[in-house]
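Readers should treat all values here as calculations from the given coordinates under stated rules, not as data from a laboratory. Nothing here was measured: the structure is a model prediction, and the numbers come from that model. Every residue, glycine as well, gets a Cβ built from its backbone with ideal geometry; the counts of neighbours run over all protein chains shown.
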Amino acid sequence: MPDMTPEAIRHLASLSRIALSDEEITRLSGELPAIVSAVEAVQKVAGDDVVPTSHPIPLGNVFREDIVGTPLTTEQALEGAPDHDGSRFRVSAILGEEQ
């Protein structure tokens, strides 16, 4: 494996759009080779018969059943609003004049 020089780490950080301080680059110069070695070790063990997974345990949907309920009336929805015009929420503009 090639050495992880500070220049290589700066380049990787730039490609990843990650801002790193000189202290972080120095620390990563020692840590990244160990990380890459660990990944290489896993790749050697994980043969073609091992199915790639994102989780070691299968995940299932944990959401409750979607049951149609009674919707709020306009008055109920607006009663807790800080500002409204009687039928809609009133909010301050967030877009510039060009919109």
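This structure gives Cα Rg over 2.2 N^0.38 Å, computed directly, and of (1) 1.05; (2) 2.12; (3) 1.38 that value is listed as (2). Pairwise inverse Cα distances across the range 6-45, averaged and inverted, put the Kirkwood hydrodynamic radius at 10.9 Å.
Nearest 10 degrees is fine. How inclined is helix 22-45 to the longest principal axis of the chain, computing both from alpha carbons? Taking the Cα atoms of the chain, the angle to 22-45 is about 80 degrees.
Per-residue packing, averaged as other Cβ atoms within 10 Å, sorts the ranges 39-49, 4-14, 78-88 into the order 4-14, 78-88, 39-49, beginning with the highest.
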